[in-house]
Every structure is written in structure tokens, then in C-alpha cells.
Amino acid sequence: MRKAEITRNTAETDISVMLNLDGKYDSENKITTGIGFLDHMLNLFAKHGNFDLAIDADGDLFVDCHHTMEDIGITLGKAFYEALGDKKGIRRYCHEYVPMDEALARTALDISGRAYLVFRAEFTAERIGDMETECVEEFFRAFCDNAKITAHIHILEGKNNHHIAEAIFKSFARALGGAVEVISDEIPSTKGIIE
């Protein structure tokens with residue numbers, strides 16, 4: 001089973017993550033970050049990626065969302081990397097377009113062993129609920145750096161900030177779920193290894 005449990009404790013946050021890449025679409029995920037809108041986005045991430053996910057985060061939200069969102073991205077990325085193991089048989093590449101009413105997001109990614117993020121999305125509000133919108137990019141950057149994946153996330157259309165964020169998280173999750181699907185018994189690289 002491709003599963004990992006990771007904890008991260010710093011002076012700013014205390015985070016635990018359990019991730020199962022071979023989850024059930026109808027599973028109950030337990031996500032408590034202290035940021036209501038982020039809980040909503042991570043529940044969407046788990047559902048649309050077909051992952052089982054538990055996150056318990058306690059961060060210095062009296063400062064702002066930054067440390068909590070970045071550290072959740074770090075911890076979830078590490079769990080993803082560990083759960084994938086040797087990456088034998090995975091599809092590796094995947095892309096998904098997801099519409100959310102007037103918003104349209106595209107995510108293309110490569111589970112390459114090389115961390116890189118291109119993030120092209122503009123928010124017109126500083127917050128969605130209790131989540132600071134500028135931290136969305138920080139979350140994905142932290143995830144990609146620690147999962148060692150390359151991702152291109154673009155908003156092609158959109159006005160409503162809630163819809164933009166939701167389309168991003170859904171397209172990323174669906175691309176990630178497709179990329180980790182096991183389709184062969186070989187490592188998908190001419191190098192014979194993905195580190």
C-alpha cells in the first residue's frame with residue numbers, strides 16, 4: 001500500500017499528515033488546519049485525487065496563514081514523496097482542465113524527481129474566508145519542492161476568487177491522481193530511476 005505518515009514540529013507549527021495514494025473515492029477525510037477555507041480545499045484535493053487524507057495542524061494563525069499553509073504543503077509533499085516509493089509503474093505525466101462556473105484551471109505535472117512550480121493565477125481579494133489568497137502559491141510551491149514534482153498551474157479564466165481557488169485545487173488533485181495511477185510494472189524513465 002502506498003501510504004505515509006509524516007509529522008513536522010517547529011516553533012511556528014505542529015503538523016501531522018497521513019496520506020494513502022490508493023484511497024477510496026467515498027472515504028471520510030479528517031482535515032483540521034485552523035483555516036476553514038483551506039480545510040475545504042484539502043477535502044476537495046483528497047476527493048478529486050482519490051486519496052485518503054488526514055491532516056491535523058496547529059499553527060501560529062495569530063500571526064497570519066503563511067507559516068501554517070507553507071508547513072502543511074511541506075509535510076504533505078514529504079508524505080506524497082514517501083508514499084510513492086520507487087515510483088514503479090506510475091503514469092508519471094498528467095494534465096487536467098477543471099471548470100468551476102466562470103473559472104477554468106489547467107494543471108500539467110510531471111512526477112520527475114525535480115521540483116519546479118509555475119503558478120499563473122491572480123486573485124482580486126486578499127482573503128477567501130479566513131485564508132489569505134497569496135498563500136495559495138506558497139502552499140503549492142512547498143508541496144512541489146518536497147514531493148519533487150514539476151507542476152504548471154494556470155488559471156485561464158475566472159473572476160470569482162472562491163471559484164478560482166477551487167478550480168486550482170481540483171485540477172491539481174485530478175492531475176496528481178492520474179499521474180500516480182499504476183499502469184505498468186516499469187519505472188517510467190529512460191534513466192531507470194526517478195529520485
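A few points about this structure:
- Any hit, the range 17-39, residues being free of Cβ contacts under 8 Å to residues at least 12 places away in the same chain and within 18 Å of residue 132 (Cα to Cα): yes
- Residue match in the range 8-25 (condition: of a type in the set (S, T, N, Q) and touching a His at 6+ places or on another chain (Cβ under 9 Å)): yes
- Among the residues making up the range 50-62, those that are assigned to a loop (DSSP other than H, G, I, E, B) and either surrounded by 24 or more Cβ atoms within 10 Å (Cβ to Cβ) or touching an Asp or Glu at 6+ places or on another chain (Cβ under 7 Å) (or both) are 51, 60.
- Where a residue in the range 161-181 is within 13 Å of residue 95 (Cβ to Cβ) and its partner, wherever it lies, is among the basic types (Lys, Arg) and not in a helix (DSSP H, G or I), with Cβ under 8 Å and at least six apart: 171/106; 178/91; 179/91; 179/92
- Every listed requirement among (1) surrounded by 22 or more Cβ atoms within 10 Å (Cβ to Cβ); (2) under 21 Å from residue 152 (Cα atoms) is met by residue 65 save one, (2).
- Complete set of residues in the range 114-165 that are of a type outside the set (A, V, I, L, M, F, W, C), part of a loop (DSSP other than H, G, I, E, B) and surrounded by 16 or more Cβ atoms within 10 Å (Cβ to Cβ): 133, 148, 158, 160
- Taken together, the residues in the range 71-96 that are outside any helix (DSSP H, G or I) and either surrounded by fewer than 17 Cβ atoms within 10 Å (Cβ to Cβ) or among the hydrophobic types (A, V, I, L, M, F, W, C) (or both) amount to 9.
- Candidate set: the range 178-195, residues that are surrounded by fewer than 22 Cβ atoms within 10 Å (Cβ to Cβ) and not in a loop (DSSP other than H, G, I, E, B); chosen: the one nearest to the chain's Cα centre (by Cα): 178
- Sole residue being closer than 28 Å to residue 160 by Cβ, in a strand (DSSP E or B) and under 15 Å from the mean Cα position of the chain (by Cα), chosen from 68, 107: 107
- Residues that are on the phi > 0 side of the Ramachandran plot and under 14 Å from the mean Cα position of the chain (by Cα) occur in the range 49-64; there is at least one.
- Check on residue 79, more than 30 Å from residue 191 (Cα to Cα) and touching a residue at least 12 places away in the same chain (Cβ under 8 Å): no
- Comparison of 114, 120, 106 shows that the only residue that is closer than 20 Å to residue 153 by Cβ, free of Cβ contacts under 8 Å to residues at least 40 places away in the same chain and in contact with a His (Cβ under 6 Å, 6 or more places away or on another chain) is 120.
- Qualifying residues in the range 23-49 (those that are outside any helix (DSSP H, G or I), of a type outside the set (Lys, Arg) and at pLDDT 95 or above) - the one farthest from residue 96 (Cα to Cα): 34
- Considering the range 57-83, the residues that are out of contact with any Gly (no Cβ under 8 Å at 6 or more places or on another chain) and acidic (Asp, Glu) include one that is farthest from residue 3 (Cα to Cα), namely 64.
The values are calculated or read from the model by the stated rules, or taken from the named source; none is laboratory data. All of these numbers come straight from a predicted model, not from anything done at the bench. Neighbour counts are summed over all protein chains in view; Cβ atoms, including those assigned to glycine, are modelled from backbone coordinates with ideal geometry.
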